[in-house]
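Read the structure below first, then the notes.
The values are calculated or read from the model by the stated rules, or taken from the named source; none is laboratory data. The shown structure was predicted, so the numbers you read here are calculated from the model rather than taken from an experiment. Glycine gets a Cβ as well: all are built from the backbone with ideal geometry, and neighbour counts include every protein chain shown. To get the accessible areas, we keep the full protein, side chains included, count just its heavy atoms, and leave off ligands, DNA and RNA. Shrake-Rupley method; radii C 1.70, N 1.55, O 1.52, S 1.80 Å.
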Amino acid sequence: MNRLQRVLDALVERIDTPAPIVLVDVMQGNIERVQGFADQRNLKVRPHVKTHKCVEIGRRQIEAGAVGITAGNVGEAEVFAAAGFDDIFLAYPIWAVGTKRARIRRLAESARLRIGVDNVASIEALADAMGGEPDRLQVVIEVDCGARRSGAPPEAAGDLALAARKRGLVPVGVFTYPGHGGAGRDARRRAAEDQETALTTAVRSLAGVGVTAEVVSAGSTPTLEFSTSGVITEIRPGEYVFGDLNNARLGSCTDDQIALFVAGTVVSDWVPDQVILDVGTKALSREGSPEIGYGRIAGTKAVLAKLNEYHGFLPLPDDEFRPSVGTVVPVVPNHVCPVVLGFEELIVTDSTGTSLQRWPVDARGFLN
């Protein structure tokens, strides 16, 4: 029997479905493994909390050796700052207008706050938001390394750092996101090489205007293994803490390192060679495709072929796996981050399924 099914069988009378189940021993192993990887290479770990949005997990990452956290929006940062996290990098080009002005000022008072910038307009807005104390806010210049998302050309980093300095903000370095490393197994190393090239250029651009890059920050989980260049000072992985099918397909985690799955129940079986689970887009999001499916039943070849909001369509691939109505199965998601966002709490157990805790998803719903 698959290890996740064994855990679920031990829990089934104590939970309702759908529910996100976290194997705390596997998760802790992931935290310690990545921290050890970084320590051996003199890299700082600044994990991205958007993956788990959970204060307890963030604390475990800090206790393992992380220097601080990465957040994706002001709301996430506020939740973790209120819980005592005092070193926060907001790795997003925040547009600081409206109520965000006061919120950013308050964050800068309670924590060492760094915010990503990639254009002069956002630098001006941040400086205006900080009022008479712009030097309380550190900024990190975001550069593009090939993902074609946000991020300035690496050679423009120096000019942006100068613009920040002229407004009284404190430019401390550069960061990038090699998102194109998720395109396939072979893409991981190439994206990491692109990342190194872009960061090296950006560091030189800062040096050319007299700014020292104290921070040279790299992401992501798929490219983590190859983010070992001497120019890099810190890494910002997020998904590593749980793993998922996407990372397993890429080779950036193993099946045994997947620490989160969704428990789902078969609720209907009228259609021949198909059952319906109580796991739909509200629980799994729409991450996936008809080619790879929308989540896999652990230990089987069965994948969800279609999702409605509360219905998961599960074709039965062979006669070996034919769950009846009432059967509870472990669904491994393609992408773990949006799964966490859908639930108020995580059901936390271990690989035996004997313990059971409930940890709140503290930053759930904080999107601005």
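Remarks
- Separation of region 279-320 from region 48-125 is 34 Å, based on Cα centroids.
- Bridge type composition, the chain - antiparallel percent by DSSP, nearest 5: 45
- Computed over protein heavy atoms with a 1.4 Å probe, the carbon and sulfur contribution to the accessible area of the chain reaches 48%.
- Helical contribution to [θ] at 222 nm, DSSP H n ≥ 4, -39,500 (n - 2.57), averaged over the chain, rounded to 500: -9500 deg cm²/dmol
- Selection among G179, Q28, T51 by position relative to the dipole of the chain gives G179 as farthest towards the positive end (Cβ unit charges, Cα centre).
- Model label zone, A305; criterion: amide N under 11 Å from point 7 Å along Cα-to-beta-carbon; scope region 250-273: 272-273
- Normalising by residue count, the chain has a Cα convex hull of 126 Å³ per residue.
- Model label points for R101 and D159, set 7 angstrom from Cα along the Cα-to-Cβ axis, are 2.8 nm apart.
- For region 277-324, the normalised intensity computed at q = 0.17, 0.19, 0.32 Å⁻¹ comes to -0.44, -0.55, -1.25 (log10 of I(q)/I(0), Debye sum over alpha carbons, equal scatterers, no solvent).
- Judged by the gyration tensor of its Cα atoms, with axes a ≥ b ≥ c, region 74-179 is oblate; a/c meets the 1.5 cut and b/c is at least as large as a/b.
- Length gained when the stretch R6-D273 is fully extended (0.36 nm per residue, less Cα-Cα span): 93.7 nm
- Per-bin percent of Cα-Cα distances, region 141-219 [5 Å]: 3, 19, 27, 22, 14, 8, 4, 2, 0
- Of the trypsin sites (Lys or Arg not before Pro) found in region 297-366, those in coil by DSSP whose Cβ has at most 15 other Cβ atoms within 10 Å are K301.
- GluC sites (Glu not before Pro) lying in DSSP loop within region 168-246, provided at most 15 other Cβ fall within 10 Å: E214
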